[in-house]
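Undergrad: Here's a structure for you.
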Amino acid sequence: MHFSIIFFLFLFKNLNIAFCNVTVQIAVLLPTDPQLPFAMQKVKPAIDLAVKEVDKRQLLINGKSLSVHYGDTNSSYIVGPLLAIDFYAKKQAAVFLGPVDGPGLAAVSRYSPHWRIPVISPGGGFNYHFDNKREYQLLTRMLHSSKTIVHFISRVILPHFNWTSVRIIAERNVVEAQSECYMLMGALCRTLRNPNSKGESKDTCSHSIFDVDRKNETKEKLHKTLHEAKTEARILFICMDSNLFRDFLLMAYDLNMINGEYVFVYLDIFRLMRKDMKLISWFKNDSSEAENNKARRAFETVLILAVKQPDTDRYQDFSDQVNALQAKTNNESVPKEKFVNPYVATFYDAVLLYVYGLNRTIQAKENTSDGFAVVQRMWNVSFEGSNGIVQISETGDRVSDYSLFDLNPKNGLFEEVGTYFGVNSSFILSKDIYWIDQNKTTPIDVPFCGFDGSKCRVYKNPALPWIYFGASVPAAVLFLIIVGYWYFKRVSFEAQLKAMNWIIEPDDIFTTVDLGFKYKQIKRDRHKRASMHHIALMEEENQLENGGPVKTARYKGSMVTLKLIPHKTRIDVNRSLLMQVKAIKDMQSEYLLRFIGACLDPPLLANEYCSKGSLQDLLENSQIKLDDMFKYSIIHDIVKGILYIHNSELQSHGNLKSTNCLVGSRFVVKISDYGIPSLRTPLHQKYPLYSEQYYKSLLWSAPEVIRDPHAPISGTQKGDVYSFSIILHEIIYRRGLFAMNETNVSPKEIFDSIKSGNEIRPPFLSDNALFEIGNLMKRCWQESPADRPDFASVSSTIKKLSKKYDNENLVDNLLQRMEQYTNNLEELVKERTNDYLLEKKKAEELLYRLLPQSVTTELMAGKQVTAESFECVTIYFSDIVGFTRISAESTPLQIVSLLNDLYTCFDSIIEAFDVYKVETIGDAYMVVSGLPTRNGDLHAREISRMALTILDAVIHFRIRHRPDEQLKIRIGIHSGPCVAGVVGLKMPRYCLFGDTVNVASRMESNGQPLRIHISPLTKALLDKFQTFTLKERGQVNLKGKGEMLTYWLLGERDGLQVPFSGDLEQSNGNSPTVEKPTTDH
């Protein structure tokens, strides 16, 4: 260390770099849990020792010093990143030391490139995701990395023992944060499978991953994993919990795998997390002597790979200093010959590494606040640390050392037999390895006869092959016949699939306009991707399941429904989809909605058109009367349709609802939304997640489906029976789904109750004649699927209950219902038309308030409004005097109230005059007369009378929050030509353009409080009426116009007068005023 310090001082002694004497801020993110080896109280002495060494030896050039800030992450991956954000916001972090936990480190390391702050941590070693330097650009790992240990195994251990075929077994335990085994072994297996530079893959690797649940199932999984590995590999690389590994070897003993043929290489990646860094042991105090003997015997086949424990004299000195500093801080005695955990040492090395990189950055005359510049000089370097030479690779990972341990058969202890030095990539085997029974012969990875002994099979009878040949010929002929028949059926089947006669071209679809008497063909845009989502297919639109809006169109002369698929941009044809489409194309039943075809781009389905809508719409329409016979007819249709599906290749519906039961023109109920599960829209894309409609759509589902997030999308037959019972309740009582309108229970409450295990069902209501069907309903919605009847039983029950209606004339009944339905529909159309006209009137009135009526009429007619020139108009401007001061002394809400009161008063005044309000901007109020309707020269008179009225109203206006203060305004009026037109497509505005607008604004800005300032042109127009009182103000310098003779409007004969008009005699009419900048409106 002293040599490196002297080297630093000599290297930077003669540098003449102008740099301020500043403090370098170090932010440390660690937990305070004393059980962890990297607890803050354990690491802090090492960091203090490093800072002290840097200050004492002046290792940091240019007089800089280090300041360390500590943050307790509370062992939380959420708190750590929040602390990092807080340090960054307070500018207390030039570098982050930590966090160590994987999730927290990942978050901080993703933030750091945006902050340009380096991150140095001993964490993330065995997670190969941290190897991605494009994502973790400023992360330096100071302890170990998956690359190093994978390189050690694949390039050192396997070639050394001449092993090429291995089996990897790893546990995956996300809950206890031990998924590092899974990540490390996955990286190892991928490396072994990757081909070399010649395109050859020398090593073979198979893997077994099992989830740890700490129950009896774990042992069953271990037993199954061992049984599979026994017949596939001899060399097993294992990473799991140490206690679990002991049980694993005992199972191997029971499977007769402890015989010298198998080798168990245990990757002890959790060694540094244990107290005193002890290795695993075969001995267990609470186990019997016989079990411990079995365990010792099994452990003789084990090799352990672990991080090398520091054991040099230099590390002992470092440990003594850290222990002494910690003992001094805690007022404890200094422990003797106690090595500190390598996690502690890495933080000492991290401080030195950062100082080293900082000095090199200063030497290069680059910005030390740029983390990218500093990290560039921290990587691919070597320096002297707590245990000797520390090497950081070119990818920012410390090159670590590893040890190979073998069980000494004499004392039963694991001893180090080999060491891998990462600095020079060398492996030194210091002792002989005893595999089992003190055998020194290395076991082979593949048996000579193969795992199944097929390589050594010998035919003892020379005639046996001919016997086999003679017996195989007839079998082969029979096999060829079977294969030929199967091939013929297969070719026929494939031909039907490839025909794809169900695909519809967009040009063949016609939208319906004007009640079907005219058709407009959909034209596909050949340059831009066509999208049916932006084409209004028809005025009528229904919202059905399995997708989005359903619209009607005409295809090959027939009316069809087009159902958009919103979660797809196009339908990709694959074999699975072809099979699904063929299945529903082959289904022909009058009780099923017939599938017509599908359009691939844009994605939509074309089905048979049902003019009466869904069954839910029919049931919830109180104007349509349904007698018992009609209800039984509906139930009969549903049962027939579902029974057909259950007896088909589909076997179940999976999404049976009253919204998926459509009513045709002859009042025949047809089942829709069956089959093609790959095109079904996920529920969270169909409705907003956790909305009322989202929960409501789930209430037809069976309890077992609601409680199982992995339930099949195609459903089950017993699930369809439950859904049918809910529809039965809707049909019988016609009170809606679960009668929620009467029970006042929300869909979410019902859903949560069912999901939690409660047996909640729709209520029974006694005011219905079909009470005898209630028993069938109860049987169908039983909690247990096994207790529910199948649809064959349901069908026979419905037939028995509907026998009393067999003698009635069904045709007469249907005709009567259809006539009643037609009358109800006419009343409904009339009511909807009146509603439409009322809303249209409201919309037009709103438009008339925003734009002139003539402009609004042209816009509503679809015409483009062109700008219009007006020869002479009069423009009025006013604003509030001292508005800035009032705004500064008032709250925003008070300002809003003030402007609202004032402009409401102004708006009521201008209704009495032939003027048009253009706009209000802040405290400015703009009005014009003479457009959009011309009024000759009357515009000057209308604006002047309006100005006098407004000024009179302002005199009596009181500010609500400042009642003792007189509100004052300035008014400016000018007449002249201008151009008016509508600007913009979204939120269009009717704007005025021309020099007249600017001059009118100048007249207002050069006026005086409570005065009406007019131009010569306006004065000339007012003189024609000979009723207005004017007074010459004199020459006024207008910005951009020069000197102009202007006038004060004092009032109108027999009309309103400007108050305090006598003050004008005392004031200098030509006194200069502060002119506000104005812009064209």
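Undergrad: Sort Lys498, Lys563 so the one with the fewest other Cβ atoms within 10 Å of its own Cβ comes first.
TA: Lys498, Lys563
Undergrad: For Glu505 and Phe993, FRET efficiency with R0 = 35 Å and r from the beta-carbon atoms, rounded to 0.05?
TA: E(calc), rounded to 0.05, equals 0.10.
Undergrad: Taking the Cβ of Thr23 as the center, what net charge do the other residues with Cβ under 14 Å away carry, scoring Lys and Arg +1 and Asp and Glu -1?
TA: Charge balance in the 14 Å sphere: +2.
Undergrad: Strictly over 19 Å apart at the Cα level, which of Lys657/Lys696; Lys625/Lys800; Lys563/Lys585; Lys498/Lys585; Lys625/Lys778 would you flag in this model?
TA: Lys625/Lys800; Lys625/Lys778
Undergrad: What is the sum of charges around Lys294, taking Lys and Arg as +1, Asp and Glu as -1, for the other residues whose C-beta is under 14 Å from the C-beta of Lys294?
TA: Residues near Lys294 contribute -1 overall.
Undergrad: Length gain on complete extension for the stretch Lys90 to Asp370, per 0.36 nm per residue less the alpha carbon to alpha carbon distance?
TA: Gain on extension, Lys90 to Asp370, equals 99.1 nm.
Undergrad: Give the order of Cys189, Cys978 when sorted by the count of other beta carbons within 10 angstrom, beginning with the fewest.
TA: Neighbour counts put them in this order, fewest first: Cys189, Cys978.
Undergrad: Another question, then. Toward the positive end of the charge dipole of the range 868-1066, about the Cα centre and with charges on Cβ (Lys, Arg +1; Asp, Glu -1), which of Ala947, Ile910, Ser897 goes farthest?
TA: Towards the positive end, the residue furthest out is Ser897.
Undergrad: Shifting gears a bit: Taking the beta-carbon count within 10 Å as an exposure proxy, list Met559, Met183, Met240 from fewest neighbours to most.
TA: Fewest-to-most ranking of Met559, Met183, Met240: Met559, Met183, Met240.
Undergrad: Of all chymotrypsin sites (Phe, Trp or Tyr not before Pro) in the range 17-114, which ones are in loop regions per DSSP and have a Cβ with at most 15 other Cβ atoms within 10 Å?
TA: Taking the range 17-114 and a limit of 15 other Cβ atoms within 10 Å, the loop chymotrypsin sites (Phe, Trp or Tyr not before Pro) found are Phe19.
Undergrad: State to the nearest 20 debye the size of the charge dipole of the range 868-1066 about its Cα centre, where the only charges are +1 on K and R beta carbons and -1 on D and E beta carbons.
TA: With only Lys, Arg, Asp and Glu charged at Cβ, the dipole is about 280 debye.
Undergrad: May I pose another question? In the structure displayed, which of Lys90/Lys133; Lys42/Lys294; Lys431/Lys455 lie more than 31 Å apart, Cα to Cα?
TA: In this structure, Lys42/Lys294; Lys431/Lys455 lie more than 31 Å apart at Cα.
Undergrad: Within the range 914-938, list the residues whose amide N lies under 17 Å from a label point set 7 Å along Cα→Cβ of Arg885.
TA: none
Undergrad: Answer rounded, prolate or oblate for the range 628-667, using the Cα gyration tensor with square roots of eigenvalues a ≥ b ≥ c: rounded when a/c is under 1.5, else prolate when a/b is larger than b/c, else oblate.
TA: Since a/c reaches 1.5 and a/b is larger than b/c, the shape of the range 628-667 is classed as prolate.
Undergrad: How much length is gained if the chain between Val423 and Gln363 is pulled fully straight, taking 0.36 nm per residue apart and subtracting their Cα-Cα distance, in nm to one decimal?
TA: Extending this stretch completely gives an extra 19.0 nm.
Undergrad: Does the range 646-794 come out rounded, prolate or oblate, given a ≥ b ≥ c as the square roots of the eigenvalues of its C-alpha gyration tensor, rounded meaning a/c under 1.5 and, failing that, prolate meaning a/b above b/c?
TA: Since a/c stays below 1.5, the shape of the range 646-794 is classed as rounded.
Undergrad: Continuing with this model, one more query. Using label points projected 7 Å from each Cα along Cα→Cβ, tell me how many nm separate Asn293 and Lys56, to one decimal.
TA: 5.7 nm
Undergrad: Hey, got a sec? Which GluC sites (Glu not before Pro) in the range 355-420 land in a DSSP loop and have at most 13 other Cβ atoms within 10 Å?
TA: Taking the range 355-420 and a limit of 13 other Cβ atoms within 10 Å, the loop GluC sites (Glu not before Pro) found are Glu394.
Undergrad: Taking the Cβ-Cβ separation of Asn194 and Ala324 as r and a Förster radius of 35 Å, what is the calculated FRET efficiency to the nearest 0.05?
TA: Efficiency for this residue pair is about 0.10.
Undergrad: For every other residue with a beta carbon closer than 13 angstrom to the beta carbon of Phe595, add +1 if it is Lys or Arg and -1 if Asp or Glu, then tell me the sum.
TA: Net charge around Phe595: +2.
Undergrad: Now, a different point. Give the calculated FRET efficiency between Lys455 and Phe493 to the nearest 0.05, with a Förster radius of 30 Å applied to their Cβ-Cβ distance.
TA: 0.10
Undergrad: Now for a separate question. State the extension gain, in nm to one decimal, for the chain segment bounded by Asn380 and Asp1023, taking 0.36 nm per residue of separation less the distance between their alpha-carbons.
TA: Here the answer is 222.3 nm.
Undergrad: Mind checking the range 117-187 for trypsin sites (Lys or Arg not before Pro) that DSSP puts in a loop (not H, G, I, E or B) and that have at most 13 other Cβ atoms within 10 Å?
TA: Those satisfying the criteria are Arg134.
Undergrad: Starting from the Kirkwood Rh over alpha-carbon pairs, what translational D in µm² s⁻¹ does the range 868-1066 have by Stokes-Einstein at 4 °C and 1.567 mPa s?
TA: Using the Kirkwood radius from Cα pairs, D works out to 75 µm²/s.
Quick note: the coordinates plus some simple rules give every number you see, no bench work behind them. Quick caveat, the model's predicted, so the values are computed rather than measured. Counting neighbours? That spans all protein chains shown, and the Cβs are built from the backbone with ideal geometry, glycine included.
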